[in-house]
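In what follows, a single structure is set out as structure tokens and then discussed.
The values are calculated or read from the model by the stated rules, or taken from the named source; none is laboratory data. The structure presented is a predicted model; accordingly, all values stated were derived computationally and were not measured. Using ideal geometry, Cβ is built from the backbone for each residue, glycine included, and neighbour counts are taken over all protein chains shown. Quick note on the areas: whole protein, heavy atoms, side chains included, nothing else; ligands and nucleic acids left out. Shrake-Rupley method; radii C 1.70, N 1.55, O 1.52, S 1.80 Å.
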Amino acid sequence: MDQTVHSSRWKAFWDKGGWWRAILLTVLYMAIYLGAGLVIGTVAGDQVVAEDIFRTPQSVFVGLTLSLIVGSVALAAFVYSVGWFKPLFAPQPVKKNWWMWVAPFFLVAAIVLRFLGINYGSYQASVVVITLLTGLLIGFAEEILTRGIVVKMLRDSGKSEWVVMVLSSLVFALMHSANALSGMPILTVLVTIAFTFGFGICMYLTLRVTGNLIWPMILHALYDPTLFLSTGGIDQAAAGPQSPLVLLAGPANMIYILIAVIALIVVRGRAQRAPLSDPAVSQL
């Protein structure tokens, strides 16, 4: 009986939604994710090649994959505990508009160009495989948190879609400020935050126009590993000669920022909070 009451209170607390609960949950997730990274680094840090994390499969798994496994399990456990798997993956309760397809189009274009342009000969085959598998964890964790949980909480509190788009993308961007803890230069961190804000808005538009959370998850799961392997690092510019295809994908970052600016101007409306048979129930 007490356990049932406790569970009901836990669910009722998160069901109220709101921006501060969304931030609270994000902070808790980051604490678990970064905490796991610290523990893993202490126990098995010698397996990570600091100057080139993608040199060996062990380096990738210990330096990147393990903490994402912990974070993904924590998020999945939270979603299960509040019974949100079904609503998070339900059709979007908002209207899509044709122009929003520009976001997934340029995301897919960059993924394809980088995938074809990666210098696979510079990596062990096992490194490529584990990096692609790690991308699945990135897509799941970051999207179920920011485009899933955070978006739901903001909508449940009655926020407009413009606010939902901006705040969920800002949360996503600020998560990447944790790069400063690894010694990344502050200027690089700030540039990364700006880019990820634009990328986050493109992911929000992908969520809107495709109508289901699974699609931004898939695109994100492909985008990050192809970016890592084509540049040789995480959140850094490539060094040395590159394939023309990878160079062609380079301007994608600026395109995402441009799409974000357009979205900030034109996105309006409010999601329907009550489930309807037709998911397209809000205005642009």
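The figures follow:
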| quantity | calculated |
| --- | --- |
| Between region 76-112 and region 5-71, the alpha-carbon center distance in angstrom | 22 Å |
| Estimated FRET transfer efficiency (Ser81, Leu181; beta-carbon r; R0 22 Å; 0.05) | 0.20 |
| Helix-derived mean residue ellipticity, 222 nm - over the chain, DSSP H n ≥ 4, -39500 (n - 2.57), to 500 | -21000 deg cm²/dmol |
| Debye equation applied to the C-alpha atoms of the chain, log10 I(q)/I(0) at 0.11 Å⁻¹ | -0.65 |
| Lysine pair count for the chain [Cα-Cα under 15 Å; pairs on different chains or 8 or more apart] | 5 |
| Stretchable slack from Thr188 to Asn119, in nm (0.36 nm times residue separation minus alpha-carbon distance) | 22.4 nm |
| Calculated over region 10-113: convex hull of Cα atoms, volume per residue (Å³) | 168 Å³ |
| Two-site label geometry, Lys16 and Val266: point separation in nm, points 7 Å out along Cα→Cβ | 3.8 nm |
| Using a Förster distance of 35 Å, the FRET efficiency for Leu28-Trp98 (Cβ separation, nearest 0.05) | 0.40 |
| Convex hull per residue volume in Å³, alpha carbons only, for region 115-154 | 64 Å³ |
| Probe 1.4 Å, protein heavy atoms only - accessible area per residue of the chain in square angstrom | 49 Å² |
| Neighbourhood charge, 15 Å Cβ-Cβ cut-off, centred on Thr26 and excluding it, Lys, Arg +1 and Asp, Glu -1 | +1 |
| Linear extension gain, Phe105 paired with Trp162, 0.36 nm per residue minus alpha-carbon span | 18.4 nm |
| Accessible carbon and sulfur surface of region 1-130 relative to its total accessible area, %, 1.4 Å | 70 percent |
| Mean Kyte hydropathy of 1.6 or more with a Cα span along the axis of at least 30 Å, helices from DSSP in the chain | 19-44, 186-210 |
